[in-house]
1. Do we have Gln166 as under 17 Å from Gly123 (Cα atoms), polar (S, T, N, Q) and more than 16 Å from ligand 2 (Cβ to nearest atom) here?
2. More than 24 Å from Ser243 (Cβ to Cβ), of a type in the set (Asp, Glu) and at pLDDT 95 or above, is that true of Asp125?
3. Please determine whether any residue of segment 30-46 is buried (at least 20 other Cβ atoms within 10 Å of the Cβ), under 22 Å from the mean Cα position of the chain (by Cα) and either at positive phi or within 16 Å of ligand 1 (Cβ to nearest atom) (or both).
4. Would you mind stating whether Ala204 is within 21 Å of the chain's Cα centre (by Cα) and either touching a residue at least 12 places away in the same chain (Cβ under 8 Å) or more than 20 Å from Arg339 (Cβ to Cβ) (or both)?
5. Quick one: would you say Gly39 is in contact (Cβ under 8 Å) with a residue 24 or more places away in the chain, within 16 Å of ligand 2 (Cβ to nearest atom) and not in a helix (DSSP H, G or I)?
6. Could you check how many residues of segment 105-130 are over 25 Å from Ala173 (Cα atoms) and surrounded by fewer than 20 Cβ atoms within 10 Å (Cβ to Cβ)?
7. Quick one: which helices (runs of 4 or more DSSP H) sit completely within segment 113-216 and have at least 1 residues that are touching a helix residue (DSSP H, G or I) at 6+ places or on another chain (Cβ under 8 Å) and of a type in the set (Lys, Arg)?
Amino acid sequence: VAALQHASVLADDDGWIRWVGPAADAPTVSDGERVDCRGRAVIPGLVDAHTHLVWGGHRRDELELRLRGADYEAIFAAGGGILASVRATRAASDDELHAATRRRLERMRACGTTTCEIKSGYGLDLETELRQLRIVRRLEREDGFQCVATCLAAHAVPAELRDVPQGADRWVAQICEEILPAVVAQDLARWCDVFCDRGAFDPAQSRKILEHARRLGLGVRLHANELGPTGGARLAADLGAASADHLLAIDAEDRAALAAAGVCATLLPGTSLVLGKPWADGRALVDAGVPVVVASDCNPGSCGLESLALVLALACYGNRLTPAEALCAATHNAAASLRLDHLVGRIEPGLRADLVVLDTDDWRDLVAHAGSPLASLVIQGGRIVARGTTHDAAG
Ligand code: NIG
Ligand code: FE
């Protein structure tokens, strides 16, 4: 992280950064809006590279059960968990899903997130998976959010196929033959993800889906080694996936494989906190040369945290990243894992003018005062899209 003191940023009318440098050298412009940041720190808009934001219903009762000791995987095995959200998502109308997701994105943006990856995976049938992805597109086109869509039809085996012989393999085949081709034909996603873990999909099934997705032109990323050492990280390295996410249960050989293959490691410390699981060893990943990303995993079950600013602080306290590593992980590295680093993630000419003006003169207060409403002004594409309660700068 390179910090400039007494700096100015100039953006054009189309929302691109044109110039960055010492305020004293700033080119003079006759028109346009001027925002006086009054010595406050300015960071790039945060990039949340892993969320499951489109869902119906809620799982607050499960949260209470888990806080009393019930096990996340046992709830899922009994037909709750992801499957409960699938029932509620199928039952929700498009407008209900759209309105609920828009409110979530507005709250995330108020905390500093200006780009957000969003996965499907609470449909688990052709129609509802496509509906989820169309809502992402509507949030971009109608509501002006910067989103990236990922098809996660391989989030779980749908209830209809769970007690059927070869049900999981039939679902894998349906994903490959029906769902992914439809997603690609309608240009509804850029990425394909698989929940490769205990109780979900094994590496052979995951490989089949991801290789097929790649042949269809989608990029690949995967949920790996969250619940157990089931081989997901190795598969990610083998496939040269853009990212392997979670990584609680990995060893030094897995880290070396990820580093050699240039796979990003996406840490989701909010999920460790909420599920009471161990923290992924972020320090060891950085030291092994793996590009580390930090994301929220925002979803109705395992982690509902919406503030990526809070999650990046957890990555310091839990995953043992330095504040600079955590900020880079939630901005530039996150953008790189989504192949968007030519557009977002840094404050540099040629990139989008996505900026967060903090209510402090030192960005490390994001970690020191984790959870405080420090985003006093959120700027996306050169336009102010959120104002915090603490902002008093003249417009
Ligand atoms: O990333 N691990 C799989 N999917 C989500 C949890 C989804 C849910 O519980 O609804 C995750 O943690
Ligand atoms: Fe996830």
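The values are calculated or read from the model by the stated rules, or taken from the named source; none is laboratory data. Just so it is clear, the model here is predicted, and its values are computed rather than measured. Don't worry about glycine lacking a Cβ; one is built from the backbone with ideal geometry, like all the others, and counts go over all protein chains shown.
1. no
2. Values: more than 24 Å from Ser243 (Cβ to Cβ): yes; of a type in the set (Asp, Glu): yes; at pLDDT 95 or above: yes.
In short, yes.
3. Scanning segment 30-46, I find no residue that is buried (at least 20 other Cβ atoms within 10 Å of the Cβ), under 22 Å from the mean Cα position of the chain (by Cα) and either at positive phi or within 16 Å of ligand 1 (Cβ to nearest atom) (or both), so the answer is no.
4. Working: within 21 Å of the chain's Cα centre (by Cα): no; either touching a residue at least 12 places away in the same chain (Cβ under 8 Å) or more than 20 Å from Arg339 (Cβ to Cβ) (or both): yes.
No: the conditions fail for Ala204.
5. No; evaluated as a whole, the condition is false for this residue.
6. Residues meeting the conditions: 3.
7. So the answer is 126-141, 167-174, 203-215.
Residue-wise test of (1) over 28 Å from Ala242 (Cβ atoms); (2) within 16 Å of ligand 2 (Cβ to nearest atom); (3) assigned to a helix (DSSP H, G or I).
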| site | (1), (2), (3) |
| --- | --- |
| Thr28 | yes, no, no |
| Thr51 | no, yes, no |
| Gly57 | yes, no, no |
| Arg66 | yes, no, yes |
| Glu73 | no, yes, yes |
